[in-house]
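The values are calculated or read from the model by the stated rules, or taken from the named source; none is laboratory data. What you see is a predicted model; the values in this text were computed from it and never measured. Glycine also receives a Cβ, built like all others from the backbone with ideal geometry; neighbour counts cover every protein chain displayed.
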Amino acid sequence: MTERFSDLMRRMARENKTAVASGAVILLMLLAAAFGPMMTPYGENDMDLMNRLAPPSAAHLLGTDEGGRDVLTRLLYGARISLLIGVAPALLSLAVGAALGMIAGYRGGFADTLIMRMADVTLAFPSMLLAMVLMYALGGGILNVFLTLTLVNWASVARVVRSRTLQLRDSEFVEAARISGVSGGRIVRRHILPNCLPTLLALFTLNIPATILTESGLSFLGLGVQPPFASWGLMINAGQQYLMTAPWLCFAPGLAIMMIVLAFNFLGNGLLDVLDPRRKKR
């Protein structure tokens with residue numbers, strides 16, 4: 001499996017330079033989120049009311065906000081929140097959706113019907129609308145954002161994994177393992193899951209930007225991360241009333257969201273092109 005993954009990465013590096021460049025952008029933004037706040041002389045919530053809404057300068061490269069806080073510093077701290085909320089719920093929804101999808105595809109029958117009807121109900125609602133309803137019901141807070149985004153995104157993963165599991169269930173090596181008396185759980189762990197991993201990796205990279213956009217939308221509406229924490233969506237919400245007089249308040253987090261979403265989408269599409277070469281011919 002490790003060799004196959006390495007082969008996929010080499011093929012992508014050879015055939016899709018945009019995906020490789022997107023991976024480099026993602027790595028740089030992760031490094032900036034991890035180490036950037038340590039290099040800035042300002043704190044996340046350090047206020048300087050004498051320098052409210054100051055334009056970009058040598059002292060404040062991206063200006064200051066309505067409280068005199070350094071926008072670049074808050075952008076770096078916000079990257080931690082936005083990327084964490086983008087990655088962690090995407091990973092949780094991937095685990096939940098993959099587990100339920102493999103159960104539905106391998107066992108079939110009542111389990112398949114129940115899980116797929118639950119997925120249909122979840123997918124029947126627009127993701128942002130469903131996320132808003134759940135956040136209204138659960139209340140604000142980072143943990144509730146994690147739970148909400150996991151509940152919103154598991155169904156699409158479950159459908160894809162179920163389809164892949166149905167293909168693998170009737171394959172010769174699975175039949176041979178079943179005839180040999182191997183239990184269903186062991187077949188799923190040893191034969192079906194490893195063959196689903198490349199697809200899961202592509203789904204993961206494509207789910208992250210959707211999760212980041214949903215979290216940013218929730219924070220913009222005041223339903224996601226709450227002050228005094230900084231997130232990119234919350235920064236845009238706070239800066240919208242100063243859009244004409246201090247446009248840098250919205251421009252900086254908006255550009256960060258656009259860059260990370262495009263980077264993950266290009267990387268995910270690059271992985272899908274490598275996994276399914278027929279996509280290139282369409």
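Brief remarks on what is shown
- Any hit, segment 59-78, residues being among the basic types (Lys, Arg), under 30 Å from residue 192 (Cα atoms) and in contact (Cβ under 8 Å) with a residue 40 or more places away in the chain: no
- Some residue of segment 227-240 being in contact with a Cys (Cβ under 7 Å, 6 or more places away or on another chain) and among the polar types (S, T, N, Q): yes
- Count - residues of segment 63-122 that are among the small types (Gly, Ala, Ser), in a helix (DSSP H, G or I) and buried (at least 21 other Cβ atoms within 10 Å of the Cβ): 12
- Of all residue pairs spaced 6 or more apart or on separate chains, those with beta-carbon atoms under 6 Å, a first member in segment 129-143 that is in contact (Cβ under 8 Å) with a residue 60 or more places away in the chain and a second member that is among the polar types (S, T, N, Q) and outside any helix (DSSP H, G or I) are 140/226.
- Unique residue being in contact with a Cys (Cβ under 8 Å, 6 or more places away or on another chain) and either buried (at least 16 other Cβ atoms within 10 Å of the Cβ) or charged (D, E, K, R) (or both) when the list is 148, 165: 165
- Number of residues in segment 136-158 that are more than 18 Å from the chain's Cα centre (by Cα) and in a helix (DSSP H, G or I): the value is 3.
- Residue check for residue 19: loosely packed, with under 13 Cβ neighbours inside 10 Å, more than 19 Å from residue 256 (Cβ to Cβ) and of a type in the set (A, V, I, L, M, F, W, C): no
- Index of the failed condition, residue 157 passing every other in (1) within 30 Å of residue 220 (Cβ to Cβ); (2) modelled with pLDDT under 90: (2)
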